[in-house]
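First comes the structure, then the notes that go with it.
The values are calculated or read from the model by the stated rules, or taken from the named source; none is laboratory data. Since the model is a prediction, treat every value here as computed from it, not as a measurement. Cβ placement follows ideal geometry from the backbone for every residue including glycine, while neighbour counts extend to all protein chains displayed.
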Amino acid sequence: MPQTLFKVPYFKVGLSNWPMIKQELESLLKANPMEVYPGQNFYSNRRTRSAAFVDGVATIVTPLLKQCEFLVDYKLEDAWGAQYTTGQDQILHTHKAHWVGIIYVNFDPKEHGVTIYKRPYNDFITGLVHYEMVPVEEGQIVLVPGLIEHLSPTNKSPKPRTTIGFDLNLDLNPPGIHG
């Protein structure tokens, strides 16, 4: 009888008091404008966002890590906005982080495609690559291991799809630890 050798965990967390948090996130995005950089097909502020942007996202995300079991010893080290207007997408990529999070800021599940994750191994019989999708709603965060390749499908809606991505790494100097 076959048994499972690998399982890949992920977390999906809803942001309570979403209307207020959405206003905070939209204010952070407005203060850190996005642009299309050479070689990419979407808007981002990854190269220009301020430390205040990263700190603002960390203030919202850090308390939620307590809901994600073993992520309590992780800290948010980077954050950026991404927006996909009609016809825009993001190619398959990964991050140099232990965990990667996506906050769905402006997202209509009836009009926008969800992030697509590539399974880290091919089908054992056919050799085909498999992709997985996590159903989400606006105001939710999805956290996946940083080594999982993922992409944003082409936005076919006239409404922009806006997310905030962030990287989490193990906090090697948590409060109360001296060395």
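Note on region 41-140: enclosed strands (runs of 3 or more DSSP E) holding 2 or more residues that are of a type in the set (Ser, Thr, Tyr), crowded, with 17+ Cβ neighbours inside 10 Å and touching a Phe, Trp or Tyr at 6+ places or on another chain (Cβ under 7 Å) are 74-84.
Within region 26-40, the residues that satisfy the criterion of being at pLDDT below 95 and surrounded by 13 or more Cβ atoms within 10 Å (Cβ to Cβ) are TYR37, GLN40. For region 120-141, residues that are without any contact (Cβ under 8 Å) to a residue 24 or more places away in the chain and among the charged types (D, E, K, R) total 2.
Pairs linking a residue in region 13-28 that is more than 21 Å from LYS66 (Cα to Cα) and part of a helix (DSSP H, G or I) to a residue that is at pLDDT 95 or above and of a type in the set (D, E, K, R), with Cβ atoms under 9 Å and 6 or more positions apart or on different chains, do not occur. Please tell me if LYS159 is farther than 20 Å from GLY14 by Cβ, modelled with pLDDT of 95 or more and of a type in the set (D, E, K, R). Spelling it out, LYS159 is indeed farther than 20 Å from GLY14 by Cβ, modelled with pLDDT of 95 or more and of a type in the set (D, E, K, R). Condition first: of a type outside the set (Asp, Glu), under 16 Å from TYR131 (Cα atoms) and part of a loop (DSSP other than H, G, I, E, B). Now tell me which residues in region 147-160 satisfy that. LEU147, ILE148, PRO153, THR154, listed by residue number. In region 1-25, the residue that is surrounded by the fewest Cβ atoms within 10 Å (Cβ to Cβ) out of those that are out of contact with any Leu (no Cβ under 8 Å at 6 or more places or on another chain) and within 12 Å of VAL57 (Cβ to Cβ) is GLU24. For the criterion of being within 17 Å of PHE166 (Cα to Cα), among the basic types (Lys, Arg) and free of Cβ contacts under 8 Å to residues at least 60 places away in the same chain, LYS75 fails.
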